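The values are calculated or read from the model by the stated rules, or taken from the named source; none is laboratory data. Since the structure is predicted, the reported quantities are computational estimates derived from the model, not experimental observations. All Cβ positions, even for glycine, are placed from backbone atoms using ideal geometry, and neighbour counts span all protein chains on display.
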């Protein structure tokens with residue numbers, strides 16, 4: 001364990017979380033909430049619980065001030081963080097000490113509809129990410145079989161990976 | 001315009017962006033990139049272009065240090081910001097001055113699989129957001145017809161709303 005460079009996830013608390021989910025899985029159905037407030041132009045602050053707001057902007061070529069990455073880039077960040085949490089959690093449960101964990105992500109997106117402003121966009125044009133590729137690099141002492149299981153469990157159950165893979169119903173109202 | 005409280009999107013640059021997309025829509029096919037690095041436990045830093053890293057954590061009940069919202073909450077922030085950008089862009093193109101813009105978001109999620117650690121999770125269990133509800137509040141001088149068009153265009157073409165509504169292919173490799 002001398003080379004372990006990452007602080008670990010507490011095993012006992014992870015086990016307690018799994019025990020609680022087994023006891024009462026219905027209690028793990030949650031509603032996440034957020035409030036986004038436009039700060040002017042394309043800069044937005046999103047308030048979640050009592051945390052500092054998540055600031056999201058657009059780059060100059062998309063008419064923003066580039067103070068932070070843009071909305072689609074934040075989706076990549078959410079996926080990267082979610083997969084990292086999954087690898088760490090599953091590694092902990094499997095007794096694998098992770099020394100380093102880094103993920104490279106890239107996503108294909110066609111922004112030619114210009115948010116709906118471009119009237120000439122073909123009606124069948126696809127907007128949003130179509131494919132996201134991830135290369136995860138984990139330095140840890142594990143067998144090829146453990147590596148395979150770690151990867152499969154993480155991918156299968158990552159909340160954000162599933163949010164992206166599966167169609168999510170988005171219901172929106174303006175000035176309800 | 002005396003009551004306009006939000007700084008606006010530059011109309012001429014928005015029109016130039018649409019003209020460029022009409023001239024060469026293929027040039028608007030982009031690849032977004034991000035690198036996520038685990039900082040230890042469930043805290044992650046995601047590096048995007050040369051911007052400050054996007055920090056994503058987990059709350060204490062999910063064994064994190066709660067320094068920022070968690071991955072799924074960041075997905076809500078990305079959606080809120082993307083819709084806000086869409087409303088502002090389309091309002092600008094339609095000559096509508098927006099005084100205030102705020103979005104309330106909530107998403108249903110079942111976290112009982114505990115990232116794949118819970119071996120007893122039913123194999124058909126759905127992970128990730130299943131439904132996200134949005135209430136947008138826009139203060140602006142516009143007709144009901146304009147309001148309807150503004151909403152429809154924004155929803156139809158929002159990159160993040162489409163990323164969520166449509167199935168995205170997520171291809172991941174571990175230690176390739």
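Numbers for the structure displayed
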item	result
Subset tally (residues that are more than 7 Å from every other protein chain (Cβ to nearest Cβ) and closer than 20 Å to residue A:14 by Cβ) for region B:35-65	9
Some residue of region A:10-21 being more than 7 Å from every other protein chain (Cβ to nearest Cβ), touching a helix residue (DSSP H, G or I) at 6+ places or on another chain (Cβ under 6 Å) and surrounded by 15 or more Cβ atoms within 10 Å (Cβ to Cβ)	no
Options B:136, B:127: the member that is facing chain A (nearest Cβ under 7 Å), under 17 Å from the mean Cα position of the chain (by Cα) and in contact (Cβ under 8 Å) with a residue 12 or more places away in the chain	B:136
Residues within region B:66-80 that are within 7 Å of another protein chain (Cβ to nearest Cβ) and in contact (Cβ under 8 Å) with a residue 60 or more places away in the chain, tallied	2
Among (1) crowded, with 24+ Cβ neighbours inside 10 Å; (2) within 30 Å of residue B:103 (Cβ to Cβ); (3) facing chain B (nearest Cβ under 7 Å) - the single one residue A:88 does not satisfy	(2)
Long-range neighbours under 7 Å by Cβ, at least six apart or interchain, first residue over 12 Å from residue B:117 (Cβ atoms) within region A:143-155, second part of a helix (DSSP H, G or I) and at pLDDT 95 or above	A:155/A:161
